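Read-outs throughout are calculated quantities, based only on the coordinates presented, and are distinct from any laboratory measurement. Fair warning: this is a prediction, and the values are worked out from it, not measured in the lab. Cβ sites come from the backbone with ideal geometry, for glycine too, and all protein chains shown count toward neighbours.
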Amino acid sequence: MKRPIMNEQDVDLDTPSLEQEEETAPLAELRLDSVVADPRWNCRRPYSEEEITQAVERFTAEPMLHPPSVCPLGDGRFQLVTGFLRFAVMQRKAYDVGWFRLIRGSQVDLYLWNLAENTARRALSGHELVERVWMLHEQRGVPKDRLAQACGFKVRYLNRLLFIKRRAHPELYELFRRGHPRLSIARLARLVGHEPDEQMQEFRRSEGLLEEAQEVEQGFSERLEDEPRGTRSTDDERRDYYRAPRGRGRRRRRFPPRRQVRRLLEAHERAADLPSQYRRGAIGLLRHLLDGEPLPESLSSDESK
């Protein structure tokens, strides 16, 4: 399942969505060959074979409580509006007929039905959401307040999505389209606040900082080792190594820097006069911190905890 693409403060929880109205639409049993499944109506990309297979397994084990929605075309055929994956499951199971909800409306209404269901399920990637909002507002002329009412977003959030599409550098937007794991909508909106020719430079700089922060979270940071001491005292630097930034009155301890661990390891390996059990345990622990080697059995056993 995809990670949420918005924060709670970006959603208007008091605004009824089209999906809520869809629940009251009448049900009809239709032949599957009378339903036209045009993927252009779906704001999600075409489903992969793996997604369809997983959905078949799911709906084999449990009932399909929410049938797909269709709109009559007037010639005995019906346009699939929502539930493209559920319809693919019906086809994969070789059903002749299935249950559908009948809805009616203009082309814009049907696009909004589809967007409303997918945003309510939080099933869209950031790129899919930006593209559909851009298409409806810029190409179809749907006002922002109607878009907000349909999918439960606040107008300021829609402005953020439109700003991304309008200002993003092509290379940066291509990374977003491909699903870069660290390019959320919030981060992309900050990046596109820079001039177009500066966005990729800022993106690479922030990527380096994020990777550095990840190293710190894992326990070690080469930058901390090489950082010049400057005019700060040794005690201040030692506190910086071991303490996280202040936050709500709490401090989190970090692992010592690798340089210090290596020095301690060399000192213990040379100190043959230390008690053998203590020396063995200290060397094992320091090697575990440096290289991830398994702890000695006497340290990793339950009795030593």
Just name one of 88, 158, 71: the one whose Cα is farthest towards the positive end of the charge dipole of region 67-215 (beta-carbon charges, Lys/Arg +1, Asp/Glu -1). 71
What is the ratio of the Cα radius of gyration of region 15-132 to 2.2 N^0.38 Å, where N is its residue count, to two decimals? 1.02
Please check which bits of region 76-110 a label hung off residue 54 would reach, taking the label as a point 7 Å along Cα-to-C-beta and the cut-off as backbone N under 17 Å. 84-89
Obtain the nm distance between the two label points defined at residue 291 and residue 145 by a simple spin-label model: each point lies 7 Å from its Cα along the Cα-to-C-beta direction. 6.9 nm
Once both label points are put 7 Å beyond Cα along the C-beta direction, the residue 207-residue 65 separation in nm becomes 4.2 nm
State the percent of C-alpha pairs, over all pairs in region 110-152, separated by a distance greater than 16 angstrom. 25 percent
